[in-house]
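Presented below is the structure to which this report refers.
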Amino acid sequence: MVRRLPPAPRGLLRSANAASALPEYAGSVRAEFLTIFAWNLAVGVLVVAANAFRSVGTPMGYLVVAVNWVQGALVWGTDSLAIQTGRLEPGLSTALGRSGVYELTAFVAIAVATRGVMVYHQQSGPRWKEKFERVRSPRDWTLSRREATVLLAGIALLAVANYREAVMIAEAVG
């Protein structure tokens, strides 16, 4: 017998959603796109900055991306989107019809492309006890052609997803 859990209260995370920090609708698709894209580029920069730290061989930018995926799932699962467009039915068409999965995929591409920008490293655990040692300088950072391609593709995917989101917001607000 499969026991189903009760659904989480709708809108539970609306005030904790990162998008709640953004201003109301910017007034045009272009202005909304620029606002959303700037916000998400800042998250991308945070991913790259976190990749400067590596713990036991794992770039910390991966942790930032994992937290973003979990946060996105919780926001969608509790219907805590900043702008409500009606109930979202769970399914592949819903996930692929919205911009969130593309934004998160773009963050994965950014994290993977910049995994080599390490400056500080922890050799062993436990991670909360060992200090990070400086092992490189930012001047040593390089990107291979493949990494640069993945990075640019991630930024392009982020831009397309953000434009799509801006259009959807403009249609919803109206």
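The values are calculated or read from the model by the stated rules, or taken from the named source; none is laboratory data. These numbers were taken from a predicted model, which means no experiment stands behind them. Quick reminder, even Gly has a Cβ in these numbers, built from the backbone with ideal geometry, and neighbours come from all protein chains shown. Calculation scope for accessible area: heavy atoms of the full protein, side chains included, ligands and nucleic acids excluded. Shrake-Rupley method; radii C 1.70, N 1.55, O 1.52, S 1.80 Å.
Worth a mention:
- All of L151, L158, L104 fail the test of being touching a Ser or Thr at 6+ places or on another chain (Cβ under 7 Å) and modelled with pLDDT of 90 or more, apart from L151.
- The lone criterion from (1) open to solvent by 80 Å² or more (accessible area, probe 1.4 Å); (2) modelled with pLDDT under 85 left unmet by G91 is number (1).
- From L63, L46, residue being assigned to a helix (DSSP H, G or I), closer than 17 Å to W141 by Cα, within 14 Å of the chain's Cα centre (by Cα) and hydrophobic (A, V, I, L, M, F, W, C): L46
- Pairs with Cβ under 9 Å, 6+ apart, first in the range 22-44 and open to solvent by 50 Å² or more (accessible area, probe 1.4 Å), second of a type in the set (V, I, T) and modelled with pLDDT of 95 or more: L41/I155
- Of all the residues in the range 113-165, those that are closer than 29 Å to V101 by Cβ and polar (S, T, N, Q) number 4.
- Index of the failed condition, R14 passing every other in (1) in a loop (DSSP other than H, G, I, E, B); (2) modelled with pLDDT of 60 or more; (3) surrounded by 15 or more Cβ atoms within 10 Å (Cβ to Cβ): (2)
- Residues located in the range 125-174, provided they are in contact (Cβ under 8 Å) with a residue 12 or more places away in the chain, surrounded by fewer than 10 Cβ atoms within 10 Å (Cβ to Cβ) and assigned to a helix (DSSP H, G or I): P138
- Checklist (1) modelled with pLDDT of 90 or more; (2) out of contact with any Pro (no Cβ under 8 Å at 6 or more places or on another chain) applied to N51, failing item: (2)
- Residues that are open to solvent by 40 Å² or more (accessible area, probe 1.4 Å) and modelled with pLDDT of 90 or more, drawn from the range 55-68: M60, Y62, L63, A66, V67
- Look at (1) of a type in the set (D, E, K, R); (2) within 16 Å of the chain's Cα centre (by Cα); (3) open to solvent by less than 30 Å² (accessible area, probe 1.4 Å); (4) modelled with pLDDT under 85 and you find that D79 fails only one, number (2).
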